[in-house]
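Peer 1: Quick one: the structure is below, questions incoming.
The values are calculated or read from the model by the stated rules, or taken from the named source; none is laboratory data. What you see is a predicted model, and the numbers here were worked out from it, not measured in a lab. Positions of Cβ are backbone-derived with ideal geometry, glycine not excepted, and every protein chain shown enters the neighbour counts. These area figures cover heavy atoms from the full protein model, side chains too; ligands, DNA and RNA do not enter into them. Shrake-Rupley method; radii C 1.70, N 1.55, O 1.52, S 1.80 Å.
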Amino acid sequence: MVAQGAEREDNRINLKDVTIYPAAIAEVPAKIVYYYAFMPIKTDGYLMTVAMATPPNIQKLDDISRILKKKIEVILVPEADLTDALKKYYGVGADTIDKMVSERLKDEAPDIPPEEARGAAESADDASIIKFINQIMLEAHKDRATDIHIEPYENELRIRYRIDGILHYTKVPSSIKNFQSSIISRIKIMANLDIAEHRVPQDGRINIKTGDNDVIDMRVSTIPTPFGESIVIRLLSTNVNFKDFGLADLGLEKKDGEIFEALIRKPHGVIFLTGPTGSGKTTTLYTCLNMINDEEKKIITIEDPIEYQMGGITQIQVNPKTNLTFAEALRSILRHDPDVIMVGEVRDFETADIVIRTALTGHLVFSTLHTNDAAGGITRLLDMGVEPFLVTSTVECFIAQRLVRVICPECKHPVKIKQEVLREIGMTQAAMSNASAYEGKGCEACKNTGYRGRTAIYEMLVMHEPIRELVLRHASADEIRKKAVALGMKTLRQDGLRKVLEGITTLSEVMRVAESEES
């Protein structure tokens, strides 16, 4: 058989410009396309057009033709295009799942009860299940995902990756639902969890190595649902080197960076970072600790959990089961003569009170609060029961932050911003006439999202004397925010606008993560 199109070896076709017909895909099982490395394009009677990355030999074409009972026409495409197409139309791990389905159908006998047959087949599927889970994890790492969500529903098992802060559906074969219990049990075994316990949440860890020798530390959390256990896996690369990070790399402009660096080098006081979960607070804290970490300082952290291991720093993992809470750990570490302490989160009055009093005794303390803005951090402490005079005498700064997606440099192009939008965020008429911005069209590098990577926007409320006076008067968060702005504080949205005008992110991204501000 002649490989029609095989002569195009040096003139490959962009597969993204080719129409792929569902009828062709439906005719070819996943295990066949993965085994012979081709993508069905079009079927017409006894002829099927397929895409390959390398010119096929006669034997390979004959095998495909015999299996499909069709004459084969080949077009050559880039290997990356072929890989992406297989993933898009068949799903991640489709070959593995297809093979498992075939084996299960072969193993199940008519006279065996369905439940027993299912149990026997699942026990024989271990190797394939491990392979499938590895494919899911490595694909997530390759796509720069920070989380993998495995979500069971009545008729499907859905898998999603969180990339640059946004969840993306990952196509997997619909038959994966048949292997739900095996997949969940295997992940729980890998994370050293109790596979017999399905009624309560569990937490564990997995470490895997990638092909480039990067070690990925995965935090695994399970919760029970009516249709099985839902699993979220947080991916953390253990090869992160915070020595390569500076305040400018975090997104702070030069002036704010200088103020922040002066604050973190003070001998005592408290610096609070505020923001929701996933806003990058831990990365900012680790960067600060790394900047002041030297052999003259004793630095101890209390975390839940420890996300990254840092050399030269003593790190403590909170463990409620043994009553090792933030407050209890704080009491103990003061006897270890620390200079700098980092408390992962202030959740209650007891922890807040100890943090404040620790700073009063001459320690520099870093911690986080879950509030919407910097001024909200002050009222949060007061609501917990901390006395205003203790806040004003110990806290040096509240810093709110959010993460915004960065415009993909490969498909970046200029766009106009509507004047009413610029007016809404406080720009003057003169500034509007010179305003320019960028967006990403969407390309292969960014998976057609227009964004690649993230950076932070900040709101830094330094405790100047006028702010301290307002705190002592129990002023509202709104009053404190307005006074801070009058004293020169840039709000989250203003810092975001600066990054929009610098071509770093888009206005829609800033408006997505930063609340509107009333003047």
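Peer 1: Give the residue, chosen from K447, K483, that is open to solvent by 70 Å² or more (accessible area, probe 1.4 Å), of a type in the set (D, E, K, R), out of contact with any Phe, Trp or Tyr (no Cβ under 6 Å at 6 or more places or on another chain) and assigned to a loop (DSSP other than H, G, I, E, B).
Peer 2: K447
Peer 1: Moving on to the next point. Please give the number of the condition H370 fails out of (1) over 30 Å from L507 (Cβ atoms); (2) surrounded by fewer than 22 Cβ atoms within 10 Å (Cβ to Cβ); (3) touching a residue at least 12 places away in the same chain (Cβ under 8 Å).
Peer 2: Going through (1) over 30 Å from L507 (Cβ atoms); (2) surrounded by fewer than 22 Cβ atoms within 10 Å (Cβ to Cβ); (3) touching a residue at least 12 places away in the same chain (Cβ under 8 Å) one by one, H370 breaks only (1).
Peer 1: Could you please find all residues in region 326-378 being out of contact with any Ser or Thr (no Cβ under 7 Å at 6 or more places or on another chain), part of a helix (DSSP H, G or I) and within 20 Å of I467 (Cβ to Cβ)?
Peer 2: A352, A375, I378
Peer 1: Also: Hey, could you check region 486-514 for residues that are open to solvent by less than 20 Å² (accessible area, probe 1.4 Å) and part of a loop (DSSP other than H, G, I, E, B) and say which is nearest to L461 (Cα to Cα)?
Peer 2: M489
Peer 1: Quick check: anything in region 271-287 touching a Cys at 6+ places or on another chain (Cβ under 8 Å) and touching a residue at least 40 places away in the same chain (Cβ under 8 Å)?
Peer 2: yes
Peer 1: State all residues of region 18-43 that are surrounded by fewer than 21 Cβ atoms within 10 Å (Cβ to Cβ) and β-branched (V, I, T); if no residue qualifies, say none.
Peer 2: Once the filter is applied, which keeps residues that are surrounded by fewer than 21 Cβ atoms within 10 Å (Cβ to Cβ) and β-branched (V, I, T), region 18-43 yields V18, T19, I20, I25, I32, T43.
Peer 1: So for region 321-328 (the condition being open to solvent by 40 Å² or more (accessible area, probe 1.4 Å) and among the aromatic types (F, W, Y)), does at least one residue qualify? Don't jump to the end; show me each part of the working.
Peer 2: Filtering region 321-328 down to residues open to solvent by 40 Å² or more (accessible area, probe 1.4 Å) leaves 321-325, 328.
Right, trim to among the aromatic types (F, W, Y) and you get none.
No - not one qualifying residue is present in region 321-328.
Peer 1: Under 35 Å from the mean Cα position of the chain (by Cα) and of a type in the set (D, E): which single residue out of E444, E465 fits that description?
Peer 2: Sole residue among the options that is under 35 Å from the mean Cα position of the chain (by Cα) and of a type in the set (D, E): E444.
Peer 1: In addition: Condition first: of a type in the set (A, V, I, L, M) and at pLDDT below 90. Now tell me which residues in region 331-348 satisfy that.
Peer 2: Within region 331-348, the first condition is being of a type in the set (A, V, I, L, M), and the residues that meet it are 333-334, 340-343, 346.
The one that is of a type in the set (A, V, I, L, M) and at pLDDT below 90: L334.
Peer 1: Is there a residue in region 270-290 that is hydrophobic (A, V, I, L, M, F, W, C), open to solvent by 10 Å² or more (accessible area, probe 1.4 Å) and not in a strand (DSSP E or B)? Walk me through it before giving the result.
Peer 2: Pass one, region 270-290, residues hydrophobic (A, V, I, L, M, F, W, C): 270-273, 285, 288-289.
Among the residues that remain, those that are also open to solvent by 10 Å² or more (accessible area, probe 1.4 Å) are: none.
No, every residue in region 270-290 fails to be hydrophobic (A, V, I, L, M, F, W, C), open to solvent by 10 Å² or more (accessible area, probe 1.4 Å) and not in a strand (DSSP E or B).
Peer 1: Against the condition at pLDDT 95 or above, on the phi < 0 side of the Ramachandran plot, open to solvent by 10 Å² or more (accessible area, probe 1.4 Å) and out of contact with any Phe, Trp or Tyr (no Cβ under 6 Å at 6 or more places or on another chain), how does L472 come out, does it pass?
Peer 2: Values: at pLDDT 95 or above: yes; on the phi < 0 side of the Ramachandran plot: yes; open to solvent by 10 Å² or more (accessible area, probe 1.4 Å): yes; out of contact with any Phe, Trp or Tyr (no Cβ under 6 Å at 6 or more places or on another chain): yes.
Considered against the rule, which asks whether it is at pLDDT 95 or above, on the phi < 0 side of the Ramachandran plot, open to solvent by 10 Å² or more (accessible area, probe 1.4 Å) and out of contact with any Phe, Trp or Tyr (no Cβ under 6 Å at 6 or more places or on another chain), L472 comes out as yes.
Peer 1: Now for a separate question. Of all residues in region 393-407, which are assigned to a strand (DSSP E or B) and open to solvent by 10 Å² or more (accessible area, probe 1.4 Å)?
Peer 2: Matches in region 393-407: E396, R402, L403, R405, V406.
Peer 1: If I ask for residues that are in a helix (DSSP H, G or I) and either surrounded by fewer than 18 Cβ atoms within 10 Å (Cβ to Cβ) or not charged (D, E, K, R) (or both), which ones from region 177-191 would you list?
Peer 2: Within region 177-191, N178, F179, Q180, S181, S182, I183, I184, S185, I187, I189, M190 qualify.
Peer 1: Restricting region 413-422 to residues that are at pLDDT below 80 and not in a helix (DSSP H, G or I), which is surrounded by the most Cβ atoms within 10 Å (Cβ to Cβ)?
Peer 2: Only one residue fits best here, namely I417.
Peer 1: Within region 1-53, how many residues are assigned to a loop (DSSP other than H, G, I, E, B), at pLDDT 85 or above, of a type in the set (G, A, S) and closer than 15 Å to L68 by Cα?
Peer 2: Result for region 1-53: 1.
Peer 1: Would you check which residues across region 296-327 are modelled with pLDDT of 90 or more and of a type in the set (D, E) and list them?
Peer 2: Of everything in region 296-327, those that are modelled with pLDDT of 90 or more and of a type in the set (D, E) turn out to be E296, E303.
Peer 1: How many residues, within region 442-493, are farther than 17 Å from G377 by Cα and of a type in the set (G, A, S)?
Peer 2: Total meeting the criteria: 7.
Peer 1: Which of the following residues is polar (S, T, N, Q), touching a strand residue (DSSP E or B) at 6+ places or on another chain (Cβ under 8 Å) and at pLDDT 95 or above: T358, T351, T371, T394?
Peer 2: From the options T358, T351, T371, T394, the qualifying one is T394.
Peer 1: Now, a different point. When only residues in region 173-205 that are of a type in the set (V, I, T) and closer than 26 Å to L86 by Cβ count, which is nearest to the chain's Cα centre (by Cα)?
Peer 2: Once the filter is applied, the top-ranked residue is I187.
Peer 1: While we're here: Out of all the residues in region 244-263, which are under 15 Å from I292 (Cα atoms), among the aliphatic types (A, V, I, L, M) and open to solvent by less than 20 Å² (accessible area, probe 1.4 Å)?
Peer 2: Matches in region 244-263: L247, L263.
Peer 1: Filter region 265-291 for residues that are over 15 Å from I457 (Cβ atoms) and under 27 Å from the mean Cα position of the chain (by Cα) and give the result.
Peer 2: The answer is I271, F272, T277, T282, L285, Y286, T287, C288, L289, N290, M291.
To keep it simple, each residue is scored yes or no on (1) at pLDDT below 85; (2) open to solvent by less than 50 Å² (accessible area, probe 1.4 Å); (3) among the aromatic types (F, W, Y).
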{"residue": "E424", "(1), (2), (3)": "yes, no, no"}
{"residue": "S433", "(1), (2), (3)": "yes, no, no"}
{"residue": "R454", "(1), (2), (3)": "no, no, no"}
{"residue": "M460", "(1), (2), (3)": "no, yes, no"}
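Peer 1: Would you confirm whether any residue within region 217-237 is open to solvent by less than 50 Å² (accessible area, probe 1.4 Å), among the acidic types (D, E), touching a Leu at 6+ places or on another chain (Cβ under 9 Å) and not in a strand (DSSP E or B)?
Peer 2: No, region 217-237 has no match at all.
Peer 1: Filter region 44-58 down to residues that are touching a helix residue (DSSP H, G or I) at 6+ places or on another chain (Cβ under 9 Å) and over 17 Å from V18 (Cα atoms) and give me whichever is most open to solvent (accessible area, probe 1.4 Å).
Peer 2: In this case the residue turns out to be T54.
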